[in-house]
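The values are calculated or read from the model by the stated rules, or taken from the named source; none is laboratory data. These numbers come from a predicted model, not from an experiment. Cβ sites come from the backbone with ideal geometry, for glycine too, and all protein chains shown count toward neighbours. When the accessible area is computed, the model is the full protein with side chains, heavy atoms only, and any ligands, DNA or RNA have been set aside. Shrake-Rupley method; radii C 1.70, N 1.55, O 1.52, S 1.80 Å.
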Amino acid sequence: QVQLVQSGGGLVQAGVSLRLSCAASTGSLSGYAMGWFRQAPGTDREFVSAISWSGGSTYYADSVKGRFTISKDNAKNTLYLQMNSLKSEDTAVYYCAATQTLNYYALDEYAYWGQGTQVTVSS
């Protein structure tokens, strides 16, 4: 079992970069694949990115491909989401999550979730 604590986020202007972090306060991330999801007001939570347990494979939603980079440091027990060239449509609450399945895109496959962090991009 892992407890995930998120940091980063905030209010930024369009075009700038921001990095989100997700650390395991208890347990280890080394045995989990990790994902980032986001939820804008009035919408469903959607897949943003995922990384395999080894960090060797990464996956992205089309809307963020080429702008966002997911990474995982098992030694530091921390997951990151580097977000570049931010757009107003990236505004949402972002959540990290951990899974031991291979269905990285499915929200229901993630057993553990961070508390969420707000990212607001002004245009």
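Could you say which residue among ALA106, ALA75, ALA61, ALA40 is aliphatic (A, V, I, L, M) and under 22 Å from VAL5 (Cβ atoms)? Spell out how you get there, then give the answer.
On the way: ALA106 fails: under 22 Å from VAL5 (Cβ atoms); ALA61 fails: under 22 Å from VAL5 (Cβ atoms); ALA40 fails: under 22 Å from VAL5 (Cβ atoms).
On inspection, the qualifying residue turns out to be ALA75.
So for the range 93-100 (the condition being over 12 Å from the mean Cα position of the chain (by Cα), farther than 16 Å from GLN3 by Cβ and touching a residue at least 40 places away in the same chain (Cβ under 8 Å)), does at least one residue qualify? It would help to see each step written out before you state the result.
To start, the set of residues in the range 93-100 that are over 12 Å from the mean Cα position of the chain (by Cα) comprises 99-100.
Applying the additional criterion that residues be farther than 16 Å from GLN3 by Cβ yields none.
For the range 93-100, residues over 12 Å from the mean Cα position of the chain (by Cα), farther than 16 Å from GLN3 by Cβ and touching a residue at least 40 places away in the same chain (Cβ under 8 Å): absent.
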* Would you confirm whether any residue within the range 1-9 is in contact with a helix residue (DSSP H, G or I) (Cβ under 9 Å, 6 or more places away or on another chain) and over 24 Å from SER122 (Cβ atoms)? => no
* Structure fact -> With criteria (1) modelled with pLDDT under 95; (2) closer than 24 Å to ASP108 by Cα; (3) assigned to a loop (DSSP other than H, G, I, E, B), SER63 comes up short on (1)
* Pairs only if they're at least six apart or on different chains, beta carbon under 8 angstrom, first in the range 42-57 and at positive phi, second open to solvent by 10 Å² or more (accessible area, probe 1.4 Å) and of a type in the set (Phe, Trp, Tyr); list them, first residue then second. => none
* **Residue in the range 75-121 that is most open to solvent (accessible area, probe 1.4 Å), counting only those that are touching a helix residue (DSSP H, G or I) at 6+ places or on another chain (Cβ under 7 Å) and polar (S, T, N, Q)** => ASN103
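Looking only at the range 72-104, which residues are of a type in the set (D, E, K, R) and not in a loop (DSSP other than H, G, I, E, B)?
Here is the first cut: in the range 72-104, the residues of a type in the set (D, E, K, R) are 72-73, 76, 87, 89-90.
Once the filter is applied, which keeps residues that are of a type in the set (D, E, K, R) and not in a loop (DSSP other than H, G, I, E, B), the range 72-104 yields LYS72, ASP73, GLU89, ASP90.
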* All but one of (1) open to solvent by less than 20 Å² (accessible area, probe 1.4 Å); (2) in a strand (DSSP E or B); (3) under 21 Å from THR91 (Cβ atoms) hold for THR69; which doesn't? -> (1)
* Asked: Among GLY35, GLY31, GLY27, GLY55, which is in contact with a helix residue (DSSP H, G or I) (Cβ under 9 Å, 6 or more places away or on another chain), closer than 20 Å to VAL2 by Cβ and either surrounded by 14 or more Cβ atoms within 10 Å (Cβ to Cβ) or not polar (S, T, N, Q) (or both)?
  -> GLY35
